[in-house]
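Step one of this worksheet: look at the structure below.
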Amino acid sequence: MLVRDATADDLPAIRGLYNALIPTTTIAWRDELASEEEITDWYAERTTRGDPVLVAELDGEVAGYTTWGSFRGGDRFPGYRHTVELTIHVDGRWHRQGVGRALLTALIERARARQVHVLVAGIDADNGASIDLHRAVGFVEVGRMPEVGRKHGRWLDLVLLQQVIGIRAVGDDGR
């Protein structure tokens, strides 16, 4: 398995992984499939900001991806500038094969290198496998938000997990 930075050539595979979850699961809390344009814009935004977009490649195929984005509004609320929220998706054929762990481990290393202080994951409460994966690499549950989402005719609970990397940003005066 190779974990590497995604390229524009990986976007169809990333879109496929993401869209596979939308019609039948509550993993992604949206109803419409992501368009090619949306994924292209998403990738451009991430890479322009310098945020990592990583893929796990097995036998020349993208088996999963992970990235992070701003937490609670990004530039609008600079007090959160040292915290990011991650997303990770792994092809169902590769669940419990180490792909998710490899991706999260690489993302955590990128967070250390970028002096991120906290990584946050918001996971559907019914997605026990993802919650277990995050716990296995050092995330701790810090909250549950009952009935904050709705999909497939039912209310959904959100589980918040975080990992404190603990690095203080260069030039930070502690405020």
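The values are calculated or read from the model by the stated rules, or taken from the named source; none is laboratory data. Model, not experiment: these values are computed from the prediction. Cβ sites come from the backbone with ideal geometry, for glycine too, and all protein chains shown count toward neighbours.
Just so you know, in region 106-133 the residues that are assigned to a helix (DSSP H, G or I) and in contact (Cβ under 8 Å) with a residue 60 or more places away in the chain include one that is surrounded by the most Cβ atoms within 10 Å (Cβ to Cβ), and it is Ser130.
Name the residues in region 55-71 that are touching a residue at least 12 places away in the same chain (Cβ under 8 Å) and part of a loop (DSSP other than H, G, I, E, B), would you?
Hit for region 55-71 is Phe71, nothing else.
Among the residues of region 67-90, the one identified as within 18 Å of Ser130 (Cα to Cα), among the polar types (S, T, N, Q) and surrounded by fewer than 24 Cβ atoms within 10 Å (Cβ to Cβ) is Thr87.
Of all the listed residues (Glu37, Glu61), the sole one being acidic (Asp, Glu), within 25 Å of Lys151 (Cα to Cα) and either touching a Phe, Trp or Tyr at 6+ places or on another chain (Cβ under 6 Å) or loosely packed, with under 13 Cβ neighbours inside 10 Å (or both) is Glu37.
For region 41-52, indicate whether the set of residues that are in a strand (DSSP E or B), touching a residue at least 40 places away in the same chain (Cβ under 8 Å) and in contact with a helix residue (DSSP H, G or I) (Cβ under 6 Å, 6 or more places away or on another chain) is non-empty. Taking every residue of region 41-52 in turn, none turns out to be in a strand (DSSP E or B), touching a residue at least 40 places away in the same chain (Cβ under 8 Å) and in contact with a helix residue (DSSP H, G or I) (Cβ under 6 Å, 6 or more places away or on another chain).
Among all positions in region 73-88, there is at least one residue which is among the acidic types (Asp, Glu), in contact with a strand residue (DSSP E or B) (Cβ under 6 Å, 6 or more places away or on another chain) and on the phi < 0 side of the Ramachandran plot. Can you name the residue in region 13-24 that is of a type outside the set (Gly, Ala, Ser) and in contact (Cβ under 8 Å) with a residue 24 or more places away in the chain and, of all such residues, is nearest to Gly60 (Cα to Cα)? Only one residue fits best here, namely Ile14.
Tell me yes or no: at least one residue of region 144-153 is of a type in the set (A, V, I, L, M, F, W, C) and either closer than 12 Å to Asp124 by Cα or at pLDDT 95 or above (or both). Yes, because at least one residue in region 144-153 is of a type in the set (A, V, I, L, M, F, W, C) and either closer than 12 Å to Asp124 by Cα or at pLDDT 95 or above (or both).
Restricting attention to region 2-31, the residues that are assigned to a loop (DSSP other than H, G, I, E, B), within 17 Å of Val53 (Cβ to Cβ) and over 15 Å from the mean Cα position of the chain (by Cα) total 1.
Say whether the condition of being modelled with pLDDT of 90 or more and among the acidic types (Asp, Glu) is met by at least one residue in region 68-83. Checked region 68-83: no residue is modelled with pLDDT of 90 or more and among the acidic types (Asp, Glu).
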